[in-house]
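One structure is given below, encoded as structure tokens.
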Amino acid sequence: MQAPPLDFLQKAFLPVIHRLGPRIEIRLEKYGFYPAGGGRLTATVEPCERLSSICLLERGEIDRRAAMAIVANLPRSIAQREMDTIAKLLNWDAGLIEVVETRDSAGPGNIVLIELAGRNVTEIFCGFGRVGASAETVASEAADAARSYLVSGAAAGEHLTDQLLLPFALSGGGVFTAEKLNLHARTNMEIIRSFLPVNFVTEQEGPLVRVQIESQA
């Protein structure tokens, strides 16, 4: 199985980008896990004349939930333990979880993905398998991130936030709510300001942060 995991991941970022204007399709060619690497994908981009500024303040009611554990050149039992942990922590039934096994990878690897889809945005939370971390630990990290996002009420989670900053800046404006602004996001803002005539106005609103992108042109 190759396409489903990539479909799972691109649900978060691409729908928002499509609302900005361009159409993008991504296809997974080969898995690649650190340290062996070797992953490969292809992207087809249909550009637009001008990016649109959008308002993404509310994610809407969560109407789809799903979780997936992928193991490459590793025992299936690792992924099954991860999904059992997700089901227990989030109180989900078996119909919401999936285990994917693959040998199409240069080296071993493991990742856990949790999808929460609202009316306006879909968020994906990840837990990465690594030496010294149990399957239960990896799954718990992803589940904790998902629960934190749900509590915040924000449209964009912690890691989607820094990915949205550049396309919003390129459009010249827009606004969205973020779960939090980590150091990565704040650094990204400073770098973008150095190259584009935009300013980022942030305001804490209870458990979330409102991020306004204003053109300085």
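Odds and ends about this structure:
- Selection status of Ala133, of a type in the set (A, V, I, L, M, F, W, C) and either surrounded by 23 or more Cβ atoms within 10 Å (Cβ to Cβ) or in contact (Cβ under 8 Å) with a residue 40 or more places away in the chain (or both): no
- Consider region 42-68 and keep the residues that are in a strand (DSSP E or B) and touching a Gly at 6+ places or on another chain (Cβ under 9 Å). The one that is surrounded by the fewest Cβ atoms within 10 Å (Cβ to Cβ) is Arg64.
- Only one of Gly60, Gly37 that is under 30 Å from Phe168 (Cα atoms) and out of contact with any Pro (no Cβ under 7 Å at 6 or more places or on another chain): Gly60
- Residues located in region 25-40, provided they are surrounded by 14 or more Cβ atoms within 10 Å (Cβ to Cβ) and closer than 16 Å to Phe13 by Cα: Ile26, Arg27, Leu28
- Residues in region 195-212 include at least one that is part of a helix (DSSP H, G or I) and modelled with pLDDT of 95 or more.
- Tally, over region 17-37, of residues that are in a loop (DSSP other than H, G, I, E, B), more than 22 Å from Asn110 (Cβ to Cβ) and touching a strand residue (DSSP E or B) at 6+ places or on another chain (Cβ under 8 Å): 1
- Matching residues in region 171-194 - criterion: being within 20 Å of the chain's Cα centre (by Cα) and either without any contact (Cβ under 8 Å) to a residue 24 or more places away in the chain or assigned to a helix (DSSP H, G or I) (or both): Leu183, His184, Ala185, Arg186, Thr187, Asn188, Met189
The values are calculated or read from the model by the stated rules, or taken from the named source; none is laboratory data. This one's a predicted model, so the numbers in the text were calculated from it and none came from an experiment. Please note: Cβ atoms are built from the backbone with ideal geometry, for glycine as well, and neighbour counts cover all protein chains shown.
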